[in-house]
Structures are given as C-alpha cells and as structure tokens.
Amino acid sequence: QVQVVESGGGLVQPGGSLRLSCAASGISFRIYDMGWYRPAPGKQRELVATITLGGRTTYAGSVKGRFTISRDYAKNTVYLQMNSLKPEDTAVYYCNIESGQGDYWGQGTQVTVSS
C-alpha cells in the first residue's frame, strides 16, 4: 500500500521558517520527480518547488531565494525548507511523487503565516 505522508506544517510569524517533510512508502518502482504544490487562485494547485531524480530543482518565482527543496534518496523523502515566510505563503502544501508505478499525492499540511 502506497503512503505519502507530509509533516512539519504549523503557525509561524512573518519572517519565520518552517521545514516540511514528505515520506513515501510502499512504492516498488523508481521515484522520479518529487515536489511541493499549493492551491492558487484560478488553479487547482500551483507548483512551489520540484526536484528531479538527478537533483535538478525548479521553483515558483514567488518563492525563489526563500525556499529550498531537497531529497533523501535512501529514505524516499523530500523536504522543503521555507525561510523568510510571508502571509501570502499561507496555504495547504501538498507533496507529489512521480514514480514508475504512478503519481501520488499526500493529504497536505497546513502552513499559516500570521502575527
């Protein structure tokens, strides 16, 4: 049974930091891209950051320079280090896993940036 479990969300003041984690288990085939998404006006979800099997990263313009995505290949885990958080970063953050046996989403973790 495939499981994709996010953690690390919470309430933080503007300018603060959070680190999200997403662990995938039960996937027998190779995992390719891993990424983070959040809802956006007019879209179901927008890309926040992704990282490929080879380690190439892509970021939304609004988070570039503030967020850093990384992955632990041995643990099938992807991380999102979020610094200098702004109120507009408030959202549910969803983890996405693309693998040879399919694409999977986590249930989401809430990030709230407020004073």
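Values computed for the structure shown
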| quantity | calculated |
| --- | --- |
| Single condition Ser25 does not satisfy, out of (1) within 15 Å of Glu6 (Cβ to Cβ); (2) within 14 Å of the chain's Cα centre (by Cα) | (2) |
| Strands (runs of 3 or more DSSP E) (entirely within region 53-115) containing at least 1 residues that are farther than 15 Å from Leu18 by Cα and polar (S, T, N, Q) | 57-59, 77-82, 91-99 |
| Subset of region 91-112 [more than 10 Å from Val5 (Cα to Cα), more than 11 Å from the chain's Cα centre (by Cα) and open to solvent by 30 Å² or more (accessible area, probe 1.4 Å)] | Glu98, Gly100, Gln101, Asp103, Tyr104, Gln110, Thr112 |
| Residue selected from region 1-50 under the condition closer than 15 Å to Asp103 by Cβ and in contact with a Gly (Cβ under 7 Å, 6 or more places away or on another chain), by the criterion least open to solvent (accessible area, probe 1.4 Å) | Cys22 |
| Residue check for Arg30: closer than 30 Å to Ser114 by Cβ and touching a strand residue (DSSP E or B) at 6+ places or on another chain (Cβ under 8 Å) | no |
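The values are calculated or read from the model by the stated rules, or taken from the named source; none is laboratory data. Quantities reported herein were computed from a predicted structural model and do not represent experimental measurements. Reconstructed Cβ throughout: ideal geometry from the backbone, glycine too, with neighbour counts over all protein chains shown. When the accessible area is computed, the model is the full protein with side chains, heavy atoms only, and any ligands, DNA or RNA have been set aside. Shrake-Rupley method; radii C 1.70, N 1.55, O 1.52, S 1.80 Å.
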